[in-house]
Amino acid sequence: MPVQLLQAGLPVNDDGIEAAGEGFYGPAQEVIDRAEAEARLAQWEDAVREDGPTPFKGLLPMLRMWHNEILNYFDHRYTNGFLEGKNNRIKVVKRVAYGYRNRANFRQRILLTNGRRPYAKVA
């Protein structure tokens, strides 16, 4: 039964390879409340512990440590994904713009790549 649970949550793509990450996120997005999410997460953890892929077994201690924080999503439905994307974009600009001597130009580059005009539009 645990292998069937695990395989039920792991869809197979066109190449016949199981998309392991999709197995966890797919059902989780359908969950309506925290209690159901907690039950599905526990079921998924048990399946991984018994017959899951080795890399997923290494994930289990992290899931235990952040269990409450992960399940908080199902209470509030907020994520910091937008801010993480902005931070990533700034890091890319920083890496590409290595050597900017003028801090104002660096700031303008960050604002431009994030969809803002750093200066007033001249008519």
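Would you list Trp44, Trp66 from fewest to most Cβ contacts within 10 Å?
Trp66, Trp44
Arranged from fewest to most other beta-carbon atoms within 10 Å of their beta carbon, Ile70, Ile110 become Ile70, Ile110.
Cβ crowding within 10 Å ranks Asp51, Asp33 as Asp33, Asp51, fewest other Cβ atoms first. Label separation (Ile90 vs Asn105): 2.1 nm, computed from points 7 Å beyond Cα along the C-beta direction.
Throughout, read-outs are computed from the coordinates displayed, never taken from laboratory work. Note that the structure is a prediction, hence the values are computed from the model and not measured. Here Cβ is always computed from backbone atoms with ideal geometry, including for glycine, and neighbour counts include all displayed protein chains.
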